[in-house]
Amino acid sequence: MQRSSGRAHVVMGPRGIVDLAQSGSAKAMLPRMTAGLPEIVFLNTSGGLASGDRLEFGVDLRPRTRALATTQTAERAYRAEAGPARAAVHLRVGQGAWLDWLPQETILFDGARLTRETRIDLAPDAGCMLLETVVLGRLAMGERLARLSLTDRRIVRRAGRVVHHDALGLDDAALPRLAGAAMLNGARAMSTLTVIAPNAADLLDRARGLLDEPGVTAAASAPPGRLILRLLAADGWPLRRQITRLLAGLRPDPLPRIWQV
């Protein structure tokens, strides 16, 4: 069967785009903005990821550049009968620069096999905000997952040193246990929002005050140099509303224009 392969990479400086490379099913758009951060919108024209597909997005921010990167729509991982689909995100944030990486959710279909790694390299005084949302099945259709393989990893380095490593692994054996209180407690949608900056802990009280969406269970912590929020919900819409409120309260800039709220 024919497999999709795509790569899109954007280099931006303080005055705008410096370089753009794209191939295959991966595309990048840079809509004109009148307010807020310059936006980079990635999309996968293949419509989703299946066995053997490969997809790569990349952003390189030059020193003193601020930008937001997102995706045009939710990414979908379909049933895979052979090897996994592979996705990679490579983000580089230069000296004095800031990046908001706010992709829309990833929806995992029954039988999906996905291996994904997000790598972020920060200069010593750079910062970033990272969002990752995973939805287990097509909730509107009542789909329940019986087979799944997910390996999802986020690694952040500052000046070459690992400062944040967040990993999630799910397989067939784990699915029956997800309803337990020590796991997802029946949730079908989950998000992690992370801020990595020297003053990230200063946002902790404000973030906790925003965790008030009915139907969403959430907690926030602030290890040195980081703010980490974990969110669970039975459905993707209350989770999206909670995330929207968090982003509006923790960021000085408008939400991504492409988002549907």
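We did not get these values from a lab; they are worked out from the coordinates using the rules stated. Predicted model, so just to flag it, every value in this text is computed and none were measured. Glycine also receives a Cβ, built like all others from the backbone with ideal geometry; neighbour counts cover every protein chain displayed.
Can you tell me how much longer the chain between SER221 and ALA181 gets when fully stretched, taken as 0.36 nm per residue apart minus their C-alpha distance, in nm with one decimal?
Length gained between SER221 and ALA181: 12.4 nm.
Before anything else, pin down the relative contact order of the chain: Cα pairs under 8 Å, at least 6 apart, normalised by residue count, whole percent.
13 percent
Name the residue from ALA123, ALA87, ALA35 whose Cα lies farthest towards the positive end of the charge dipole of the chain, charges +1 on Cβ of Lys and Arg and -1 on Cβ of Asp and Glu.
With unit charges placed on the Cβ atoms, the residue in question is ALA123.
Over region 1-94, what is the relative contact order in whole percent, taking alpha-carbon pairs under 8 Å and six or more residues apart?
Computed over region 1-94, the figure is 31 percent.
Between beta-carbons, use under 13 Å as the cut-off and find the net charge around ARG147, counting Lys and Arg +1, Asp and Glu -1.
-2
Per q in 0.15, 0.16, 0.18, 0.22 1/Å, what log10 I(q)/I(0) does a Debye calculation on the alpha-carbon atoms of region 151-242 return?
-0.69, -0.77, -0.93, -1.17
Just how large is the dipole of region 160-229 about the Cα centre, in debye to the nearest 20, putting +1 at every Lys and Arg Cβ and -1 at every Asp and Glu Cβ?
120 debye
Over all distinct Cα pairs, what is the inverse of the mean 1/r for the chain, reported as the Kirkwood hydrodynamic radius in Å?
After inverting the pairwise mean of 1/r, the radius is 18.8 Å.
Given Cβ point charges of +1 (Lys, Arg) and -1 (Asp, Glu) and nothing else, what value in debye, to the nearest 20, does the dipole of region 1-94 about its Cα centre take?
Result for region 1-94 is approximately 200 debye, rounded to the nearest 20.
Charges at C-beta only: +1 for Lys and Arg, -1 for Asp and Glu. How large is the resulting dipole of the chain about its Cα centre, in Debye rounded to 20?
Dipole magnitude for the chain comes out near 320 debye.
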